[in-house]
Amino acid sequence: MPEFRINNTTISDHLPLIALKNTVLFPKVVIPLIVQRPKSVAALEAAVAGDRMVLFTTQKNVEDDISENDLFSVGTVGRVISVFRLPDGSAKVDVEGVCRARVVEYAGFSPFFQVQIEPMVSTESMDTPENSALLRRVLEQFKHVAEVRSFPAILPEVVYLMTQLRDPEQIIGLVAANLNLDVRQQQDILEMREHSDAMRQLNVYLGREMEVLEAEKSIARETKKKIGRMQKEFFLREQLKNIEKELGVDEERDELDGLRAKIEAAKMPPTVHEKAMKEFGRLAKMPPMSPETGFIRTYLDWLIEIPWNETTKDKIDLAQAKKVLDEDHAGLEKVKDRILEYLAVQKQVGKVKGPILCFYGPPGTGKTSIGQSIARALDRKFVRVSLGGMRDEAEIRGHRRTYVGAMPGRIVQGVHTAKVRNPVFLLDEIDKLGMDFRGDPSAALLEALDPQQNHAFSDHYLEMPLDLSDVLFIATANSLETIPPALRDRLEIIDFPGYTEQEKLRIAKGFLLPKALTDHGLKKGQVNISDAVLLAVIRDYTRESGVRELSRLIGTVARKVIRRLVEEGKTSRKVSVTRADLEKMLGPEKVVHDVAERSPQVGFAMGLAWTPVGGELLPIEVARMPGKGKLILTGQLGEVMRESAQAALSYARAYAAREGVLEDLAKEDLHIHLPSGAIKKDGPSAGIALTTALVSLFLKRPIRHDVAMTGEVTLRGKVGIIGGLKEKALAALRAGITTIIIPTENQRDLADMPAEAKKKLRFVPVKTVDEVFAVALKGGRTEKKK
């Protein structure tokens, strides 16, 4: 096979070919390569098996599947110095360029490219003065570039090597490999036959590189004057900005123009628009990487996205609104009437300052869910904010923009979320607001919830007045005692009393059971639960004023039923749930009910108490024993109830004396106990029950077992007004009481009493405790102690 000899190396004119991507191999330069493609691996194997010579040519593209037309015709004959096999079949090789060669023709294509080549040898002498000067110029410029350029840096070893070399071909290869030249530029240099031509082209590239480096130094000097002692990152980014400015890049200007257009389209009030444009002007003058740039941009985004003038049109149809409210909630007539009154006024007047409603009652009575129903009836957006545990005033009024991470308060965030300025805004659990060193959130609510002020609500972050007069605020609370007086004064309290058993039964049949069946994939009517079974669930498994636990238990029953049907493989079968099934599904009965005594007893009276989850019976036991005239009070009584017991004892002693029972209490101790000692008890409403129990003990007259009583007592025997009568009456009804003694002043509360309670209970209004004794104490002989 024909051969040729170059640089004391004999080379065959038929060699395997390996294509290179984005790389040009120069003569007398050593480079590492990764050989992966099957044809390249095959060519490498052939070369290693022979004289280790391969022609390396560069691809015109970066495709894996190539043909002869995708390769440059001029390449470099390289000697494979070392081969390291990799597990995936590829190989890592070190290759030394030997000489340049041109492809004459392709002699084979499989399993690798086989080519016939001819050498490319420079015929010009480099010993002429002109070429020597050209070579010296290239070396000097390369050394200068290496000194100035920081990235990518040229290794000092390379610079030192260049000063020791005299071979023009090796110098050309090293310079071209270490300059920032693209593949096309490197290929052009490789294809130049004469070294002097390649040197001249390199001289041009080196001159251009020096100009770029000088421009970088100039930009660095200008930037350093501007930014002074800014951080290194900011310095680098400023350099990038100046470079982009030299190149005419104006993306930042486009972004600012877009922001200005959004400000103009936001329909802001004039004062807000003026503030937004002032901040926009500051933003336009700031360096992009300034920390304050992000703060101003976030602030402008908030101003743009606040719905300053966006509203939803109220759909005021009283009949439709009543239908929606009735569909979603059973009972609650007082609440529904108040909402319908608001709609009627709105329809008549056109705009009315929104009332601040506060739904007050035990958990699970539908306070939160009726807020959603009101929004649906009005066709408004609904926003809910939970205030439970909130202790920071900034949560309501927002943080000032001087703080890192500042943002608007929850009210502004809610309006922003609704995207309209007249949503139905539910402030859930307003009675559970806290207070600490960060401020009082309830005080921050005063402005938002005052119809006379909230047309210009001020948020610390926005610093601009926001009109909240069209917002329908609704608050919910379980207790009014923890709401500050100033805040409570702004609220229209609407009582959510507990449900009676019959009301719970209607809710379970009409709402909870159908919803549970639908949620668990059961068809309507597929599960039959009788009223008696539902009442058993209500009475024996729940102890609540609302229906939240009842809803969970009905869901449990539905899950048990669907599991049984799936296990049987009969998911469409109808199922009837009986009383006997409840214990299997829900376990044993969980509620032990307070019940009336079976017979009259001396020194035992049944009082009534109110709790956040409804009314409860309050049994009172009184005993006497030899002692030193002490009054013992047990059962975790609060201070008010202790004082009430002292007043009751004083009146009872006076009454006993009038009746001729002259007891020597100095030699006896009295013990008053209220069972359920683990539960704290307080309040004055047990006064008449305490008095009746003491008088019963002194006179030895039993108290009727079917009578319960509630009312405050004075030293003159007057009966004072109490609260929570409805809840107390429902508790008495559940326990089998038939007669309730109440203060005369509480007769007005009977108007709101459920019909079932009115029908089954006898309410006896009294003004004095003497009237209480006439009803509660059974007749009998009074034993007079001589």
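Worth a mention:
- Residue, nearest to CYS99 (Cα to Cα), within the stretch 3-37, restricted to residues that are open to solvent by 80 Å² or more (accessible area, probe 1.4 Å) and in contact (Cβ under 8 Å) with a residue 12 or more places away in the chain: ASN7
- Single residue of the stretch 104-130 satisfying the filter (open to solvent by less than 20 Å² (accessible area, probe 1.4 Å) and out of contact with any Phe, Trp or Tyr (no Cβ under 7 Å at 6 or more places or on another chain)) that is farthest from ASP70 (Cα to Cα): MET120
- Subset of the stretch 514-538 (residues that are under 29 Å from GLU616 (Cβ atoms) and surrounded by fewer than 21 Cβ atoms within 10 Å (Cβ to Cβ)): SER530, ASP531, ALA532, VAL533, LEU535, ALA536
Table: residues versus (1) modelled with pLDDT under 90; (2) open to solvent by less than 10 Å² (accessible area, probe 1.4 Å); (3) farther than 11 Å from ILE688 by Cα.
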position	(1), (2), (3)
GLU712	no, no, no
VAL719	no, no, no
GLY724	yes, no, yes
ARG734	yes, no, yes
THR739	no, yes, yes
ALA751	yes, no, yes
LYS760	yes, no, yes
THR768	no, no, no
GLU783	yes, no, yes
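- Flag for PRO612 being modelled with pLDDT of 90 or more, touching a Pro at 6+ places or on another chain (Cβ under 6 Å) and not aromatic (Phe, Trp, Tyr): no
- The condition of being crowded, with 21+ Cβ neighbours inside 10 Å, on the phi < 0 side of the Ramachandran plot, under 27 Å from the mean Cα position of the chain (by Cα) and among the small types (Gly, Ala, Ser) holds for only one of ALA443, ALA477, that being ALA477.
A quick yes/no check of all residues on (1) within 30 Å of PHE295 (Cα to Cα); (2) of a type in the set (A, V, I, L, M):
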{"site": "ASN454", "(1), (2)": "yes, no"}
{"site": "SER458", "(1), (2)": "yes, no"}
{"site": "LEU468", "(1), (2)": "yes, yes"}
{"site": "ILE507", "(1), (2)": "no, yes"}
{"site": "ALA516", "(1), (2)": "no, yes"}
{"site": "ALA532", "(1), (2)": "no, yes"}
{"site": "ILE538", "(1), (2)": "no, yes"}
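- Beta carbons closer than 8 Å, at least 6 apart along the sequence or on distinct chains, pair a first residue in the stretch 277-300 that is without any contact (Cβ under 8 Å) to a residue 60 or more places away in the chain with a second that is open to solvent by 30 Å² or more (accessible area, probe 1.4 Å) and in a loop (DSSP other than H, G, I, E, B) for GLU292/MET286; THR293/MET286; THR293/PRO287; ILE296/MET286.
- Flag if ASP495 is open to solvent by 50 Å² or more (accessible area, probe 1.4 Å), among the acidic types (Asp, Glu) and in contact with an Asp or Glu (Cβ under 9 Å, 6 or more places away or on another chain): yes
- Some residue of the stretch 515-532 being of a type in the set (A, V, I, L, M, F, W, C) and under 25 Å from THR710 (Cβ atoms): no
For (1) open to solvent by 20 Å² or more (accessible area, probe 1.4 Å); (2) over 30 Å from GLN239 (Cβ atoms), each residue gets a yes or a no:
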{"position": "ASP257", "(1), (2)": "yes, no"}
{"position": "ALA265", "(1), (2)": "yes, yes"}
{"position": "PRO269", "(1), (2)": "yes, yes"}
{"position": "GLU274", "(1), (2)": "yes, yes"}
{"position": "MET277", "(1), (2)": "yes, yes"}
{"position": "THR293", "(1), (2)": "yes, no"}
{"position": "LEU300", "(1), (2)": "no, no"}
{"position": "ILE304", "(1), (2)": "yes, yes"}
{"position": "PRO307", "(1), (2)": "no, yes"}
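- Taking residues in the stretch 668-683 that are within 21 Å of GLU712 (Cβ to Cβ), and partners anywhere that are small (Gly, Ala, Ser) and surrounded by 15 or more Cβ atoms within 10 Å (Cβ to Cβ), the pairs with Cβ atoms closer than 7 Å and at least 6 places apart or on different chains are ILE672/ALA645; HIS673/GLY635; LEU674/GLY635; LYS681/ALA609; LYS681/GLY635.
- Beta carbons closer than 8 Å, at least 6 apart along the sequence or on distinct chains, pair a first residue in the stretch 497-513 that is in contact (Cβ under 8 Å) with a residue 60 or more places away in the chain with a second that is among the hydroxyl-bearing types (Ser, Thr, Tyr) and not in a helix (DSSP H, G or I) for PRO497/THR365; PRO497/SER545; GLY498/THR365; GLY498/SER545; TYR499/THR365; TYR499/SER545; ILE507/TYR499.
- Residue within the stretch 539-552 that is crowded, with 22+ Cβ neighbours inside 10 Å, among the β-branched types (Val, Ile, Thr), assigned to a helix (DSSP H, G or I) and touching a residue at least 12 places away in the same chain (Cβ under 8 Å) present: no
- Residues that are out of contact with any Leu (no Cβ under 7 Å at 6 or more places or on another chain), part of a strand (DSSP E or B) and within 15 Å of PHE112 (Cβ to Cβ) within the stretch 36-79 comprise just one, LEU71.
- On inspection, LEU480 passes the criterion of being assigned to a loop (DSSP other than H, G, I, E, B), in contact with a Phe, Trp or Tyr (Cβ under 8 Å, 6 or more places away or on another chain) and in contact (Cβ under 8 Å) with a residue 12 or more places away in the chain.
- Within the stretch 38-65, residues that are at negative phi and touching a residue at least 60 places away in the same chain (Cβ under 8 Å) sit with their Cβ atoms under 7 Å from residues that are in a helix (DSSP H, G or I) and open to solvent by less than 40 Å² (accessible area, probe 1.4 Å), at 6+ positions apart or across chains, in these pairs: THR58/VAL183; THR58/GLN187.
- When each of ALA731, ALA757 is tested for being in a helix (DSSP H, G or I), touching an Asp or Glu at 6+ places or on another chain (Cβ under 6 Å) and in contact (Cβ under 8 Å) with a residue 24 or more places away in the chain, the lone residue that passes is ALA731.
- Among the helices (runs of 4 or more DSSP H) confined to the stretch 131-198, the ones with at least 3 residues that are touching a residue at least 24 places away in the same chain (Cβ under 8 Å) and crowded, with 18+ Cβ neighbours inside 10 Å are located at 168-178, 183-191.
- Residue within the stretch 194-207 that is over 60 Å from the mean Cα position of the chain (by Cα) and within 15 Å of GLY97 (Cβ to Cβ) present: yes
- Residues of the stretch 254-274 satisfying the condition of being more than 30 Å from the chain's Cα centre (by Cα) and under 23 Å from SER458 (Cα atoms): GLU264, PRO269, PRO270, THR271, HIS273, GLU274
- If the condition is being in contact with a Gly (Cβ under 9 Å, 6 or more places away or on another chain) and assigned to a loop (DSSP other than H, G, I, E, B), then the stretch 441-456 contributes only PRO451.
- When the stretch 374-409 is filtered for residues that are crowded, with 21+ Cβ neighbours inside 10 Å, touching an Asp or Glu at 6+ places or on another chain (Cβ under 7 Å) and not in a loop (DSSP other than H, G, I, E, B), the ones remaining, listed by number, are LEU378, ARG397.
- The stretch 239-284 - residue that is at pLDDT 70 or above and among the basic types (Lys, Arg) and, of those, farthest from ALA220 (Cα to Cα): LYS267
- Residue match in the stretch 633-642 (condition: at pLDDT 90 or above, at negative phi and small (Gly, Ala, Ser)): no
- Checked against (1) of a type in the set (A, V, I, L, M, F, W, C); (2) farther than 16 Å from ILE81 by Cβ; (3) modelled with pLDDT of 90 or more, MET53 passes all but a single condition, namely (2).
The values are calculated or read from the model by the stated rules, or taken from the named source; none is laboratory data. Computed from a predicted structure; not experimentally measured. Glycine also receives a Cβ, built like all others from the backbone with ideal geometry; neighbour counts cover every protein chain displayed. For the accessible areas, the whole protein counts, side chains as well, though only heavy atoms, and no ligand, DNA or RNA atoms are used. Shrake-Rupley method; radii C 1.70, N 1.55, O 1.52, S 1.80 Å.
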